[in-house]
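The values are calculated or read from the model by the stated rules, or taken from the named source; none is laboratory data. Computed from a prediction, not measured in an experiment: that's the story for all the values here. So basically every Cβ, Gly included, is an ideal-geometry build from the backbone, and we count neighbours across all protein chains shown. These accessible areas exclude ligands, DNA and RNA; they are computed on the full protein's heavy atoms, side chains included. Shrake-Rupley method; radii C 1.70, N 1.55, O 1.52, S 1.80 Å.
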Amino acid sequence: MELQLGLSLPTYNFIENFDLNNGGFEPKDQMLGSKPWISCEDGNYLDNKRSFEVAFEKNIKDAPQELPLLLWSGQPNDEDDWDGEKKISRSINKNDEEENQVVGWPPIKSWRKKVLHHQHQAGHVVNSIRMATAGNYEYGTGSNSKYVKVKMEGVAITRKIDLRLYNSYQTLTKSLISMFAKCKNLEKDAARYSLTYQDKDGDWLVAGDVPWQTFMESVQRLKIVRNAVLQPASPSLTLPSCVCFVMGVLSFCFFVFWVSQVGFGQQTTDPNEVDALNKLIDYWNLRDKLNINDDPCIQNATWTNEKANPRVACDCGGNTCHITHLKIYALDISGEIPSELFVLKELMDLNLGQNVLNGSIPAEIEQLSNMQYLSLGINNFTGPVPPELGNLTKLIVLSFSSNNFVGPLPASLGKLTSLQELYIDSSGVSGPIPQEFANLKSLQILWASDNQFTGKLPDFFGTLTELRTLRLQGTLLEGPIPNSFSALNKLEDLRIGDLSGEDSSLEFMQNQKTLSILILRNCLLSGKMPDQLGEFSKLQELDLSFNKLTGQIPESFQDLVSLQYLYLGSNNLNGQLPANILGPNIIAIDVSFNSLSGSLPQNFAKAGLSMNVVGTSIDANNLQDKKASGMLQCLQADFKCSNKVPSKSFSVKCGGTGQTSASGVEYEGDFESMGSASLYTSSENLWAVSNTGNFISNPNGPQYIAETGSQITGTLDSELYKTARISPSSLRYYGLGLKNGIYSVELHFAEIGMVDSHSWKALGRRIFDIYIQGERVLKDFNIKEAAGGSKKALIKTFETNVTNTIMDIHFFWAGKGTCCIPYQSTYGPLVSAIHVSRASDAAGSSKRDKKRIGKLIGISVACVAGIVIISSVFYLWWIKEDSPKHKRIYTDSPRKRSMPRT
């Protein structure tokens, strides 16, 4: 414990000779004669130990009441007091015997004894002590004292004073001057000192910079420090050489205040940006989500968190803060982009994705020259893509996918040489891909599917050697795939589809061994599959379906140990399946509609495997019902079929249980769980269904049935439309064992995967094609658009001719439509129900015509029998007529194609 001391003031008025304003202190000779309590001979302090008598022997005339010497009042460093009792000070009587025997400083033993002695004589003092012991020490809470330590730089002894004895900084300063004046030669070693205090938070501050009342509530201890650097801006304690100093309160106060303002003051945000931000908040009705009443760049505000939405973040590196990040994501804000957005010129990251913003993108967007991440995807923007985007040369990521832009891509985008990711799928742009895109050497990801691009597939793509992901499906681009693509050896995901024009080959597939997804579907690929594909050890999905590939499946495919999905359907492949083609991770394999033969591969019955061999000569009796296998062979070209007991209709409730419609049609249930390459045949072998493809990014896993609990409008059979079959690629229904003839095909639809609202979730577009008997009957079919909204019933009716006892109804995704609205993997064909019924018997139409004519003749003869009899002899004699000729009705249909061409 540091011992705390208080001394009575001398009779001489030190303050008279101490000018706070001038900072001077002119000692008088008579003051020196007052013998302060510390000896300073030869300018050295505390050189010799002093007795108690030396320190207090001087009898000052008319001295005021003595200040306490020893002070305990529950303040810090009282922890070595005994029994938890707090001590109270008393004045010293120099005649006490014990004190005269004490040499040195401090006289601890004598004071403790006197305190104990006086505790028995002063009950009111004990009561005060108990109040202090209870913890009531704070200023203004009932205690009559507020004791704090006072330490002076260069003096070994710490003192403690009662601040309740003072009512201002001035009276406190006078007392401290008197307390620390202690040298004979006061004219030597003049110095300035400042008074500092420690507040409740442990921070050291300069006294005088807060009101006295605030100071009294927060002060914990005092310290007088030498101010060796700063010249006082206000009065400080100045003592001559051997005079200990009290502080220059105001001088150091102004200095610390200035430092605090410069070093620790809160920076403010550009007021123009604050005003613009608030206008944006009001314009987009975000005040309930982003109610910024203060500076938006306040540290640790809720809206600055990276996960916050809306989010506002700033850069306060300079004297002024600037807004650099603005995210308003998936909050359904609407309207055009207001001009206030372009006041935020320091923006680096702007995310306005998944809203319903409309209008065109203003050319003023080029003012955001520091932009690095710009997302405008999934909105309702229209008009051309502004060429001014090309001036944002710091862009790293740019997205304006899923919008309604028109016209070509601006060539100026080729100036974005720092661009690494570009998302423009389903954006509505058209025309050739600009040659200037060859400058995008840093590009790693390009999503460009579902656009009206025309011309040849650009050869310069082969120079973008940093590409890791390239998606170009559902466009109007023409082949062939350039051989320059062989240089893209960093590719991990390559998806090209639906090319027209010239055939392509797989010769460019040489060094892309980092590929995990390779989809070249419906690309007019011809020739053989190269053996080196078996070296792509990271390949997980390979889709080469709906092409013109020939030859056998390479034996090297059995080395694709990571392969999970293999789609080779609708090609011209022959031979047999490699015996070990089913690798350890295989989930689905589709080789349908090829000229393959032989047996099923080993382990074809492994758990979790789905396999489709329909339309081939592979012995699939162990894979499906023998009777169904025989019927499905009728799908092979030039395979003639007949049925002794033919059917004349079939009806399917796609994705749900069986039910009867209001018109009496009985729909058979189709609720079997299907895989990524599956075939299911109905219990009575009247129909079958096959699915090919997998939703790669579906967060809910493989699902091929959609359902809703909402009411379907526009029909008396709402339940019929509440479930549907869906597919990511190819969905086929087959009518089996049908009697040859003309049939009516009713296809029932209702869009139950997308919504009608003013939300971004209503911006999705499902687009697919429909083929019946190999002929495309609907191209770019959009259920929601055709029905006038989602959850509205729609029936499409067609006629077709069955000539080989089987009907093929094919729903085919050609890469068009949005992919991810309102959820990931929301695309591809969807059908609610199918009803097929016989319209006529084309093969027997000539015979029926003869019977009809005979009946008409019989009726005529019966009506005019008398006339005929009377005139028969005369008629036969004069005219001889031949029997009537019958019109032959053509019953054959055009040769059915086994695969669609788009």
**Message:** Looking at segment 370-383, I want the residues that are under 16 Å from Thr417 (Cβ atoms) and have a partner that is open to solvent by less than 20 Å² (accessible area, probe 1.4 Å) and assigned to a strand (DSSP E or B) with Cβ atoms under 7 Å, at least 6 apart or on another chain. Which pairs are those?
**Reply:** Met371/Leu350; Leu374/Leu350; Leu374/Leu398
**Among (1) within 25 Å of Ile445 (Cβ to Cβ); (2) buried (at least 21 other Cβ atoms within 10 Å of the Cβ) - the single one Thr393 does not satisfy** = (2)
**Asked** Can you tell me which residues in segment 557-581 are open to solvent by 20 Å² or more (accessible area, probe 1.4 Å) and closer than 23 Å to Leu515 by Cα?
**Response** Gln558, Asp559, Val561, Ser562, Gln564, Tyr565, Asn580
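Table: residues versus (1) in contact with a helix residue (DSSP H, G or I) (Cβ under 7 Å, 6 or more places away or on another chain); (2) closer than 12 Å to Leu736 by Cβ; (3) in a loop (DSSP other than H, G, I, E, B).
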| position | (1), (2), (3) |
| --- | --- |
| Ser651 | no, no, no |
| Thr657 | no, no, yes |
| Ser673 | no, no, yes |
| Ser678 | no, no, no |
| Glu684 | no, yes, yes |
| Ser690 | no, no, no |
| Asn694 | no, no, yes |
| Asn700 | no, no, yes |
| Gln703 | no, no, yes |
**Message:** Condition first: of a type in the set (Lys, Arg), farther than 17 Å from Ile361 by Cα and surrounded by fewer than 17 Cβ atoms within 10 Å (Cβ to Cβ). Can you find one or more residues in segment 415-430 that meet it?
**Reply:** no
**Request:** Might you check whether a residue that is farther than 21 Å from Ile821 by Cα and free of Cβ contacts under 8 Å to residues at least 40 places away in the same chain occurs anywhere in segment 761-776?
**Result:** yes
**Request:** Give segment 268-284 a look and list any residue that's open to solvent by less than 40 Å² (accessible area, probe 1.4 Å) and part of a helix (DSSP H, G or I), or say none.
**Result:** Glu273, Val274, Ala276, Leu277, Asn278, Leu280, Ile281
**Message:** For segment 517-547, which positions are buried (at least 17 other Cβ atoms within 10 Å of the Cβ), at pLDDT 95 or above and not hydrophobic (A, V, I, L, M, F, W, C)?
**Reply:** Arg521, Asn522, Ser526, Gln540, Glu541, Asp543, Ser545, Asn547
**Residues being crowded, with 23+ Cβ neighbours inside 10 Å and not hydrophobic (A, V, I, L, M, F, W, C) - total across segment 754-770** = 2
**Request:** State the number of residues belonging to segment 553-568 that are β-branched (Val, Ile, Thr) and within 38 Å of the chain's Cα centre (by Cα).
**Result:** 1
**Message:** Can you find, within segment 446-459, the residue that is farthest from Gly377 (Cα to Cα) among those that are hydrophobic (A, V, I, L, M, F, W, C) and open to solvent by less than 20 Å² (accessible area, probe 1.4 Å)?
**Reply:** Leu457
**Request:** Look through Ala688, Ala706, Ala677, Ala662 and report the one residue that is touching an Asp or Glu at 6+ places or on another chain (Cβ under 6 Å) and more than 22 Å from Glu541 (Cα to Cα).
**Result:** Ala662
**Prompt:** Just a yes or no: is a residue in segment 494-501 part of a loop (DSSP other than H, G, I, E, B), without any contact (Cβ under 8 Å) to a residue 60 or more places away in the chain and either closer than 22 Å to Gly353 by Cβ or open to solvent by 10 Å² or more (accessible area, probe 1.4 Å) (or both)?
**Reply:** no
**Prompt:** Within segment 682-735, can you find the residues that are within 23 Å of Ser570 (Cβ to Cβ) and open to solvent by 30 Å² or more (accessible area, probe 1.4 Å)?
**Reply:** Ile696, Pro702
**Message:** Which residue is modelled with the lowest pLDDT, if the candidates are limited to segment 719-739 and must be more than 10 Å from Trp813 (Cβ to Cβ) and small (Gly, Ala, Ser)?
**Reply:** Gly737
**Item:** Pair list, Cβ under 6 Å, 6 or more apart: segment 523-552 residue in a strand (DSSP E or B), other residue acidic (Asp, Glu)
**Value:** Ser526/Asp503
**Neighbours by Cβ (under 6 Å, 6+ apart or cross-chain): first from segment 400-413, within 15 Å of Leu376 (Cα to Cα) and part of a strand (DSSP E or B); second among the small types (Gly, Ala, Ser) and at pLDDT 95 or above** = Asn404/Gly428; Phe405/Ser427; Phe405/Gly428
**Message:** Among the residues that make up segment 310-319, is at least one of them crowded, with 16+ Cβ neighbours inside 10 Å, modelled with pLDDT of 95 or more and part of a loop (DSSP other than H, G, I, E, B)?
**Reply:** yes
**Item:** Options Ile298, Ile292: the member that is open to solvent by less than 10 Å² (accessible area, probe 1.4 Å) and more than 18 Å from the chain's Cα centre (by Cα)
**Value:** Ile292
**Asked** If you check every pair at least six apart or on different chains, which have Cβ atoms under 6 Å apart with a residue in segment 150-173 that is open to solvent by less than 20 Å² (accessible area, probe 1.4 Å) first and a residue that is acidic (Asp, Glu) and not in a helix (DSSP H, G or I) second?
**Response** Thr158/Glu2
**Prompt:** Can you pull out the residues in segment 206-225 that are open to solvent by 50 Å² or more (accessible area, probe 1.4 Å) and either in contact (Cβ under 8 Å) with a residue 12 or more places away in the chain or touching a His at 6+ places or on another chain (Cβ under 7 Å) (or both)?
**Reply:** Asp209, Glu217, Gln220, Arg221, Lys223
**Request:** Only residues that are in a loop (DSSP other than H, G, I, E, B), open to solvent by 10 Å² or more (accessible area, probe 1.4 Å), in contact with a strand residue (DSSP E or B) (Cβ under 6 Å, 6 or more places away or on another chain) and not aliphatic (A, V, I, L, M): list them for segment 346-366, please.
**Result:** Glu346, Ser360
**Fill in**
Within segment 261-301, restricting to residues that are polar (S, T, N, Q) and under 22 Å from Asn355 (Cα atoms), the one that is modelled with the lowest pLDDT is Asn291
